[in-house]
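K.L.:
First the structure, then my questions, so here it is.
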Amino acid sequence: MANMIMSSSKALITSSSSTIPSSPRFKLSLTQIPFPKLPLPRSPKSLETLSIPSTLKSISVILASSLAIAPPSLAEEIEKASLFDFNLTLPTMMAEFLFLMFALDKIYFSPLGKFMDERDSAIKEKLSSVKDTSTEVKQLEDQAAAIMKAARAEISAALNKMKKETQQEVEQKIAEGRKKVEAELLEALASLENQKEETMKSLDSQIAALSDEIVKKVLPASN
Amino acid sequence: MNVLSCSINTLKGLYDISGVEVGQHFYWQIGGFQVHGQVLITSWVVIAILLGSATIAVRNPQTIPTGGQNFFEYVLEFIRDVSKTQIGEEYGPWVPFIGTMFLFIFVSNWSGALLPWKIIQLPHGELAAPTNDINTTVALALLTSVAYFYAGLTKRGLGYFGKYIQPTPILLPINILEDFTKPLSLSFRLFGNILADELVVVVLVSLVPLVVPIPVMLLGLFTSGIQALIFATLAAAYIGESMEGHH
């Protein structure tokens with residue numbers, strides 16, 4: 001295939017144009033893709049003049065025309081142009097990559113990685129320490145609860161004591177009052193009794209006088 | 001003859017409009033050797049972007065990260081995650097390698113899509129993503145090969161070569177072949193994807209300059225990121241594979 005294209009294009013070049021060098025060392029191979037292959041509308045006359053298969057012919061015409069329009073210098077460039085052109089660029093790129101690797105390691109990977117690792121460990125430490133304080137908080141809460149309990153107990157005890165004291169006082173006062181009232185009552189009762197006895201005595205004497213008088217009045221004749 | 005010259009003229013016009021340049025290089029001569037100048041220039045820019053942004057973001061790390069530091073911490077977490085899942089618990093020493101692989105490829109790919117390289121005119125060739133050149137991708141792939149050989153040899157000594165006759169010695173040729181196919185597939189996958197992506201965008205822009213290329217450009221950004229991730233993940237997977245022994 002390549003040979004056919006080559007031969008046909010060579011034939012075309014030599015026959016159709018005089019501007020190109022007489023012996024172009026143009027080799028069509030995989031390593032050379034010099035220009036885009038664009039399909040072109042062709043006139044029927046050109047089809048007739050060339051007696052090779054149409055696809056081959058169009059390719060060859062494009063190749064030939066591209067070569068033909070190129071000035072000698074450009075033709076040389078195209079000859080040199082190649083995709084798979086290995087040279088000193090390869091080891092240079094290797095060296096550049098290695099340089100980039102060491103430089104990036106120095107200024108990016110190592111420092112930032114170390115920084116991130118340190119931060120991670122610091123955060124983990126802080127987290128674990130926070131877990132520890134949670135037990136501390138529990139202890140403190142327990143303590144607070146105990147203190148509150150003690151204070152409540154104290155207060156209730158004081159309250160009870162006060163209640164008892166006041167109650168005793170009140171009872172004492174009540175008892176005193178009762179005693180006083182009873183004593184007064186007794187006194188009053190005693191005086192009442194006295195008065196009763198006195199009145200009874202006076203009544204007795206009056207009764208004797210009255211009965212004397214009654215007897216005198218009833219029995220005057222008998223005298 | 002007339003028709004031919006006419007068609008040649010149309011072709012020339014199309015060629016000028018599209019301006020697709022593939023396999024054109026801006027050669028520099030260094031001591032008798034040739035290098036691709038455009039690749040070196042763009043790779044320097046990519047390296048400068050990476051080092052500069054990293055320096056600015058990580059210069060003074062804060063306990064509570066903000067802005068750039070937050071982003072770079074996220075990236076580092078991501079890289080560590082990738083290395084850890086592929087390599088295992090001993091991923092630590094390989095983070096710089098995997099991370100640089102990922103960042104370099106990612107920033108290179110995106111620089112090809114986002115930075116207006118085309119503004120700067122070169123004598124020949126044009127500026128594009130460094131991963132657009134086979135030299136770069138092969139360099140990265142070969143470094144990956146060296147890395148996984150180094151990982152296996154340091155971890156398991158000469159017993160590392162025992163993996164070639166496992167599970168049966170019949171597979172020896174295939175196992176040896178794998179050492180060649182791994183870098184080959186790595187480099188060509190990346191190279192092909194990035195080159196094809198840029199070509200598609202350039203051709204579409206030359207055909208329809210407005211709106212139509214935008215979805216393809218977005219797809220290109222997505223593919224670029226995926227390719228960087230694939231390269232880094234596979235490199236880590238190869239390293240992890242050579243470090244784990246068949247007990």
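The values are calculated or read from the model by the stated rules, or taken from the named source; none is laboratory data. Predicted model only: the values in this text are computed from it and were never measured. Quick reminder, even Gly has a Cβ in these numbers, built from the backbone with ideal geometry, and neighbours come from all protein chains shown.
K.L.:
Which condition number does A:LYS163 fail, the rest of (1) modelled with pLDDT of 90 or more; (2) touching a Lys or Arg at 6+ places or on another chain (Cβ under 9 Å); (3) not acidic (Asp, Glu) being met?
P.N.:
Among (1) modelled with pLDDT of 90 or more; (2) touching a Lys or Arg at 6+ places or on another chain (Cβ under 9 Å); (3) not acidic (Asp, Glu), A:LYS163 violates only (2).
K.L.:
Please return the ranges of helices (runs of 4 or more DSSP H) entirely within the range B:1-106 where 1 or more residues are modelled with pLDDT of 90 or more. Don't jump to the end; show me each part of the working.
P.N.:
Details: elements: B:2-18, B:37-58, B:67-87.
Counting at least 1 such residues, we get B:37-58, B:67-87.
K.L.:
Okay, moving on. Check A:GLU125, A:GLU118 and return the single one that is among the charged types (D, E, K, R), under 30 Å from B:ILE49 (Cβ atoms) and within 14 Å of another protein chain (Cβ to nearest Cβ). So that I can check it myself, show each step before the final result.
P.N.:
Details: A:GLU125 fails: under 30 Å from B:ILE49 (Cβ atoms).
The unique qualifying residue is A:GLU118.
K.L.:
Out of A:MET148, A:MET116, I need the residue that is in a helix (DSSP H, G or I) and in contact with a helix residue (DSSP H, G or I) (Cβ under 7 Å, 6 or more places away or on another chain). Which one? Quick ask: steps written out before the conclusion?
P.N.:
Values: A:MET148 fails: in contact with a helix residue (DSSP H, G or I) (Cβ under 7 Å, 6 or more places away or on another chain).
Criteria check complete, one pass: A:MET116.
K.L.:
Same structure again: Do we find a residue being over 26 Å from B:PRO93 (Cα atoms), without any contact (Cβ under 8 Å) to a residue 12 or more places away in the chain and not in a helix (DSSP H, G or I) anywhere in the range B:118-135?
P.N.:
Just the residues of the range B:118-135 that are over 26 Å from B:PRO93 (Cα atoms), to begin with: B:118-130, B:132-135.
Subset that is without any contact (Cβ under 8 Å) to a residue 12 or more places away in the chain: B:118-121.
Okay, now just the ones that are also not in a helix (DSSP H, G or I), so B:120-121.
Yes, the range B:118-135 has at least one match.
K.L.:
Sort out which residues of the range B:92-149 are more than 13 Å from every other protein chain (Cβ to nearest Cβ), of a type outside the set (Ser, Thr, Tyr) and more than 19 Å from B:LEU186 (Cβ to Cβ), and write them in order of number.
P.N.:
B:TRP110, B:ALA113, B:LEU114, B:LEU115, B:PRO116, B:TRP117, B:LYS118, B:ILE119, B:ILE120, B:GLN121, B:LEU127
K.L.:
For a quick check of your reading of the model, give me the residue pairs whose first member lies in the range B:161-176 and is within 16 Å of B:SER145 (Cα to Cα), whose second is surrounded by fewer than 10 Cβ atoms within 10 Å (Cβ to Cβ), with beta-carbon atoms closer than 7 Å and at least 6 apart or on different chains.
P.N.:
Here the result reads B:LYS163/B:HIS246, each pair linking the range B:161-176 to a residue that is surrounded by fewer than 10 Cβ atoms within 10 Å (Cβ to Cβ).
K.L.:
Contact list please: Cβ distance under 8 Å, first residue in the range B:41-65 and closer than 18 Å to B:VAL75 by Cβ, second residue of a type in the set (Asp, Glu) and surrounded by 17 or more Cβ atoms within 10 Å (Cβ to Cβ), pairs at least six apart or on different chains.
P.N.:
Hits for this filter: B:ILE47/A:GLU96; B:PRO65/B:GLU73.
K.L.:
Quick one: in the range A:78-115, of everything that is surrounded by fewer than 17 Cβ atoms within 10 Å (Cβ to Cβ) and among the charged types (D, E, K, R), which residue is farthest from B:GLY52 (Cα to Cα)?
P.N.:
That would be A:GLU79.
K.L.:
Of everything in the range A:89-98 that's at pLDDT 85 or above and more than 17 Å from B:PHE106 (Cα to Cα), which residue is nearest to the other protein chains (Cβ to nearest Cβ)? Spell out the reasoning first.
P.N.:
Applying the first criterion (at pLDDT 85 or above) to the range A:89-98 yields A:90-98.
Retained after the next criterion (residues that are more than 17 Å from B:PHE106 (Cα to Cα)): A:90-92, A:95.
On the way: A:LEU90: 4, A:PRO91: 7, A:THR92: 6, A:ALA95: 9 Å.
That would be A:LEU90.
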